[in-house]
1. Can you tell me how much longer the chain between A:Thr359 and A:Asp477 gets when fully stretched, taken as 0.36 nm per residue apart minus their C-alpha distance, in nm with one decimal?
2. Dipole size in debye (nearest 20) for the protein assembly as shown around its Cα centre, Lys and Arg Cβ +1, Asp and Glu Cβ -1?
3. Let me have the 222 nm mean residue ellipticity of chain A computed from DSSP H runs of 4+ only, each contributing -39500 (n - 2.57), with the sum over all residues rounded to the nearest 500.
4. Could you tell me the relative contact order of chain A? Use alpha-carbon pairs under 8 Å, at least six residues apart, and round to a whole percent.
5. For B:194-203, what's the mean count of beta carbons from other chains sitting within 10 Å of each residue's beta carbon?
6. Angle, helix B:151-160 long axis vs. longest principal axis of chain B, Cα atoms, 0 to 90°, nearest 10?
7. Report the net charge of residues surrounding B:Asp177, where surrounding means a beta-carbon distance below 13 angstrom and charges are Lys +1, Arg +1, Asp -1, Glu -1.
8. Treating the angle as unsigned and between 0 and 90°, give the value, to the nearest 10°, between the Cα long axis of helix B:430-441 and the longest Cα principal axis of chain B.
Amino acid sequence: MIRPFTARSIGLLGLIFVATVSGSPPLDAAADLAGSYELVALHSGKCLDVSGQSTDDGAPVVQWTCNGGLSQRWTLQPTDDGNVVLIAGHSGKALDVRGASLKDGAHVIQYTINGGANQEWLPQPVGDGYYTLTAHHSGEVLDVSAESMDDGGIVIQWPLHGGANQEWLLRAVVGGRPSSADVTRFLEQATWGPTPALVQHVQDVGFARFLDEQFDAPASSYPTLPLFPTTRDQTACPDNSTCVRDNYTMYPVQNRFFVNALYGDDQLRQRVAFALHQIVVVSGVDVTQPSWMSPYLQTLDRNAFASYRQLLYDITINPAMGNYLDVVNNTKTRPNENYAREILQLFSIGTVRLNPDGTPQLDQAGQPIPTYDQTTVNNFARVFTGWRFASGAPGIPNYIDPMVVNETQHDTGSKTLLNGVVLPAGQNTVKDLSDAIDNIVNDPNVGPFISKLLIQHLVTSNPTPDYVARVASVFNDAGGARGDLRAVVRAILLDPEARGDVKDDANYGRLRHPAQYIANVLRAFGAGSADGTSTSDGYLNPQSVLMGMDLFRPPSVFSYFSPGTVVPGTTGVRGPEFGLFSTSTALRRVNFVNTMAFSRIAVSANSPNGTSIDLSGMEALAGDPAQLVDALNVLLMHGAMSNDMRQSVIAAVGAVPAGTAHKRAQTAVYLVATSPQYQVER
Amino acid sequence: MNVTRREFLLQSASACVGYALGAAAFAAGVQRFSLINALAQGLDYKALVCVFMAGGNDGNNLIVPTSTSEYGQYAAVRTAAGLAIAQDALLPIVPASLGAPFGFHPSLAELHGLWTDGVASIVCNVGPLVVPLTRQQYLAGAPRPYQLFSHSDQVAQWQTAISDRVGQTGWGGRTADRFDPHASGFPMITALSGGIFTRGQSSTPLSIAPAPTALNQVLVLNGFGTTADEVARRQSMDFLRTIDTGATLVAATGKTTDQALDIGGILGSNVTLATAFPNTTLGNQLLQVAKVIKFNSVSPELGLRRQIFFCQLGGFDTHQNQVNTQSNLLAQVSKAVKAFHDATVELGVERQVTTFTLSDFGRTLQPAGAGGGVGSDHAWGNHHIVVGGAVRGGDFYGVPGPGGTIFPVLQLSGPSDTDNRGRWIPTVSVEQYAATLATWYGVAPPDLPIVFPNIGQFATSDLGFML
């Protein structure tokens, strides 16, 4: 808010102190500081607070243990002369020196905003994000009286003396009420698609609280399914039967994926687990029963917010992975290299040494530096010996329980792993595995390698090195823990490069992959059964296949698309999801929207409910094309629709006769949802 | 509305440097090519057709030596387990330069006919190599391709022709890159199946569905009739792809969609062929290839002089049940390739179209398991088929190895073996095989190292099987 300058007498003492404080020019500092903050006193670590959360004029301002409450959330509003007014979040009243007193020790209170110089404070940085705050009328600074360490310690003004009880950390509060645009973008990154209700909820509780809810939400996950004989009984389960469909194809888990995506509360967990599936890959192409895939998917769900070390360990002894990359029955006489190579190349450190910001290190000759060689692979191959399936029925291997040890097949020789670590001879299967997983996870490459992949899966295909570095440093150490995926995901989603109402950078964003595109469109419009009376059955994989993504059946351990895929027509701009984007899949994507907007996925032998979307909300606005298009702008494009696009879609909607509101709604939804502007999550 | 106003201003600034999409580019390309086409259509046309046998075809049963001692070596390893093909079941051939008798797998009757007609040959013991390699060198630790015997890695190496690191582009794509592959609105490469083979630096493939989808149905936009509101909707849809192109990924999405719609528009008619094709996976892909070739030849406004096609048939990973499985698959390959060759004859381009196979790897001479379910495991060097009127037919091609000939010594732990299971160390590298094809296609010798970065490691870049 711009205030007219009001002349006040300033004590001589105050002038001297203002003149001698160093730091950046106050005018710029104040403008940069606009926003909401906790003010944390350096000496005590406690927060500036209004006593008792009172909303009365004159209520004392104190220090109190930081608790995230609104009375500890101060909005800094710059004035036009370099000062700020601090407004309490619970009351809307200003930080004020009582009576505009000039006395040392005058109490600081809250008071209705009145433009007085005793409500204006000059923030001056003293380093590390700390500031002194000088009252404009008196030149004295915000101070915790007697350097109290207690909750309730009184806050006063006092002459500047450089003490820690006069220095305040301005800790930005992420939240307040975030904008609908930023929340929409956040939900595109953190869920399978924003819905109007979810946007409202996140605006109400803020990002941090929503993340906590999501971390705690129980996993929808996948049911444990009955195992069937590896060699199919052609009588009990003949070709082309539902028995085959339900027990020898991915059909049940593919449907479950979409049901979870459309209706599950644990959206973030699902989103992260699917990202992990694309990193630590097992494919139904080889692991052919859904009962074999399900425990692997459960492992990803269970570990989505756990430690990366735990994830790698659990995945290594998962039987589906044991089958897929040949750990199961890996013998010491002929150790198989497959898992050893892929766990390094794809699941942890990659093939070249990375800087903490994810850029490759280069040697003297300007060449990338390999992270491991064949010898390393051989040694890890020897580590991963001595595992077999847990006991099961004859002809029906146990894909449900983790693999178990077969010590006689374990290579107990000494093994040299990464970074000079040597496993001594004589260790058993489990000890070798545990040490090896630790060795891998402790490699400095893991932080930037995995962080960058997760950023690409959630937010943007071309993160700046600084973004990668910020997230990698959280991977490396989040409150003492290494590889804490909860902290990493939080860091990814709350980073300034993820947040904001709109992004201008040319290379920002990522193409929605087929499963995401399907889920996004369906969630935006309240997908239900074909006749709208119940829920979708999730039979949507055929649509995803047409767009190039056969769920849980990626062509290889190199996943559905390579992270290195270059956006066509560019030199070096990454677009992993473009690996599935061809002339034919481009039209299939558009035709999918045509099906949902103008028709439905009908009930069929494989689809007991079918799927349709609900355009009634849009129909209600169809009388005014501009209103309809603006609603879609908010819902699908977080308000970032260009004026040209807006005018074009309005015109096309207007060309539909006014009496057919449904067709108008369909037209508008079709145009926005098929647009390149929407297909790229930005 | 502040946001949209800002977007509007950004677009106005970038509109001047925006790019022409779709129809405009196509028209320009067409003008450029129609002249060339008038002069050269039918005369300077060449097409490469790749058939990828996914899973790793067992080359040891594709061609089998039938001279007594060599067949004896083969039988010694394979007969007991039930994996050997009986000598009198093999379809006899005598490669001209070897002067020794061999036999095709009994399922390859049609290929045998093409051999006899002089339009089919075999390239022996091809595989990824970083440097030429003997068994001694291999065992001593000489450089070799990364992750041998791994499906995904070997598929990548065969399709990229890069074995010392992970290649990002396919050699089909890099070949196309040498020819300005998008000068016309119709891409040089048409993919009937996915694969990195088709991806170049600038070249991107047109991917279409196989037969029985009609050619004018492969890239169809649904949901637009001729009512006034549908026309208006289509106009808006097309307009939206021309704006907001300051965002790189948005622009690329619009551009590929444009290309799809343009080509869908170009593929306005379904051409027909007199030649009958088998209704199989590969048959339907090759039928579509033949149709695209015909479509190009009858569409003066298209007039592509060079085309590359990629097809794929899966199921070759015969760890078990190889006898029946491979028999059926090779029969499918044989019949489909024969039909395709006949179609090129029908179109008058049989000397201008060359079909060749690739695969993940060969398979172990030593069987895996025994009896009815016998199979073989992942190996390395493999034998491949080349077919076409420009092929020097009726012969085997390769590089002499330890046995003194281009054919591996069929001995476990023998001089051709990687280990003790009969995994042949290739004597021909993938890039030598591919460069021979690319040279015929028209890649100039100075450009070969660009397409095949490692070709300099090998003595020859032309194995001589093309006329």
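1. Full extension of this stretch gives 40.5 nm more.
2. Details: 71 positive and 93 negative charges, 435 e Å.
With only Lys, Arg, Asp and Glu charged at Cβ, the dipole is about 2080 debye.
3. Taking each H run of at least 4 residues, the total per residue is -11500 deg cm²/dmol.
4. On the way: 1350 pairs, mean separation 71.2, N = 682.
Reported relative contact order: 10 percent.
5. Neighbouring Cβ atoms belonging to other protein chains average 2 per residue here.
6. Between helix and principal axis, roughly 70 degrees.
7. Values: positive: B:Arg174, B:Arg178, B:Arg199, B:Arg306; negative: B:Asp180, B:Asp447.
So the surrounding residues net to +2.
8. With both axes taken from Cα atoms, the answer is about 50 degrees.
Readers should treat all values here as calculations from the given coordinates under stated rules, not as data from a laboratory. It should be emphasised that the depicted structure is a prediction, and the values quoted were computed from it without experimental measurement. Note: ideal-geometry Cβ built from the backbone for every residue, glycine included; neighbour counts use all protein chains shown.
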